[in-house]
Amino acid sequence: MRKDQPATDVAPRLHLSDPTVRTFAQLLMNVLLVGVINFTVWFAITFFVFLQTRSVFATGVIAGLFLVAMVGTGVWFGSLVDHHRKKTVMQVSAAVSLAFYVICLVMYLSTPAEAWTDPGSVRLWVLIVLLMCGVIAGNLRSIALPTVVTALFDENLRDRANGLVGTVTGVSFLVTSVISGLLVAFDGMRTCLILAIGILAVALVHMHFVKVPEVLSHAAAEGEPRRVDLKGTMKVVGRIPGMWALIAFAALNNLLGGAFMALLDAYGLSMMSVQVWGFVWGGLSALMIVSGLLIARTGLGSNPVRTILLVNMAMWAVTVVFPMQASVVWLVAGLAVYMLAMPYIEASEQTVLQKVVPYERQGRVFGFAQSLEQAASPLTAFLISPLTQFFFIPFMRDGGTGARWIGDWFGTGDARGIALVFILIAVLGLVLTGYALSSKYYRLLSRRYREAPGEAPGEDAGEAPGEDAGDGPEDDSQGDSPHGPDADPEATEVFPVAGAR
């Protein structure tokens, strides 16, 4: 349903008979192709490095490098999304990834196999960095896609469209998780890179023939100077009561979640082969598809802010439990809850931002929020892997202090050291999310979402093109600002928010 269509009393649905929905489906299919191959490269290089070097420290550093790159490029990528046509941004993203993967394939084929077994090998880390550049280029699409949803759909349909985005992510994980482990086990990174090059070439050709609606035929910030404008973006964020709290919420959650990103593969591979681990992730990813389809059908409820908090509460509670025993069944059950929860969290946060942020600034705000939210994750990833390798693992080995204290019921060994880290992190996450749910700041943010007007792309959003948000005295939303003279001082209080992985 387009934004200019009249509202009805019928519950809003997405129908393929609508040309806009069909176009959106084509864009999602293209995003799926590129997402699958980028996820495959990400999973494959992590599996490859761990299997070649058996170094938990190395896999943690890989996660940290990836997150640093995400943080460093988010604001710039958001500016590109606002100042260029969405289709052009998606094409350039795929082309850049393709170029990096071609370089990596040539390097991989020309390097002796024994060079990959040394975690200190310069060639290994050059390959990792180049592959990460290719994967990071795909992040342009993840920033552009929520803004496409804003442009194409009425606010009553955006949560359902965001659910379909979550379904695409789930399909990506499903396919990726199965094939990446098989590809690495078969012949290392060679076939993975060949497949990446072929799929990206197909995606480029397909996108060329996708015809987008008029609303996407020009840049959202058309007429503005083509600059990052970090200052203006921060002003937009500051004008929205509760937005800083939402960003801080996700950042604190990601501070904790970075530990899982750094250690989960090592934990899973300690219990099963890389092939089985890939199939496990494939099966679990089907739950993301189910979750996304449920959102597309039923929506997120009247208060997506509450949805974020309640789902995170359930996710952290389960995470406290599943590492208690060295059991594949417990691990899979815990990850199943995680996979069901993530589409709800992601879609809820996107739905909130799509309603309260002016369309012409959404790329920059999404990129800015992503950078701040994920800034904490590299710190955790870089710290937790050496801390686990050199403290918690020896702590839980036979003869270690932890093994003597709790080893009789908790178990001993390297994997139990990782499990102990998971439990400690989950307890902190549970406490932080519980505080957020009981705080008055959660109510302030919820009220802001309910009261925010839904604006179509191109409507007056309180700023003229080319002006910094909130610069002029005529800015009629200044009174709503948490920094304004009429603001509730509690609106600026920061509470912990759970969000992205």
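The values are calculated or read from the model by the stated rules, or taken from the named source; none is laboratory data. The structure displayed is predicted, hence computed values, not measured ones. In this analysis, Cβ positions are derived from the backbone assuming ideal geometry, glycine residues included, and neighbour counts consider all displayed protein chains. Each accessible area value is taken on the protein alone, full model and side chains, heavy atoms only, with ligands, DNA and RNA left out. Shrake-Rupley method; radii C 1.70, N 1.55, O 1.52, S 1.80 Å.
Could you please put Lys440, Lys211, Lys87 in sequence from largest to smallest accessible area, using a 1.4 Å probe?
So the residues, ranked largest to smallest area, are Lys211, Lys440, Lys87.
Counting only heavy atoms of the protein chains, get the accessible area per residue of the range 90-187 (1.4 Å probe) and round it to a whole Å² value.
Heavy-atom SASA per residue in the range 90-187 reads 32 Å².
Starting at the first residue of the range 290-299, write each ³J(HN,Hα) from the Karplus equation 6.51 cos²θ - 1.76 cosθ + 1.60 with θ = phi - 60°, in whole Hz, x for Gly and Pro.
Per residue, the Karplus-derived 3J(HN,Hα) values read 4, 4, x, 5, 4, 5, 4, 8, 10, x Hz.
Once R0 is set to 30 Å, what does the formula 1/(1 + (r/R0)^6) return for the Cβ-Cβ distance between Ser270 and Val126, expressed as a FRET efficiency to the nearest 0.05?
0.60
Ordered by residue, what ³J(HN,Hα) values in Hz, to whole numbers, does the range 105-115 give under the Karplus form 6.51 cos²θ - 1.76 cosθ + 1.60, where θ = phi - 60° and Gly and Pro are x?
5, 4, 5, 5, 5, 9, 10, x, 4, 5, 5
Can you tell me the order of 279-288, 358-367 when each peptide is scored by its average per-residue count of other Cβ atoms within 10 angstrom, highest first?
358-367, 279-288
Got a number for carbon plus sulfur as a percent of the range 30-189's accessible area, 1.4 Å probe?
73 percent
Sort Cys104, Cys133 from largest to smallest accessible area, using a 1.4 Å probe on the heavy atoms of the protein chains.
Of Cys104, Cys133, the descending order of accessible area is Cys133, Cys104.
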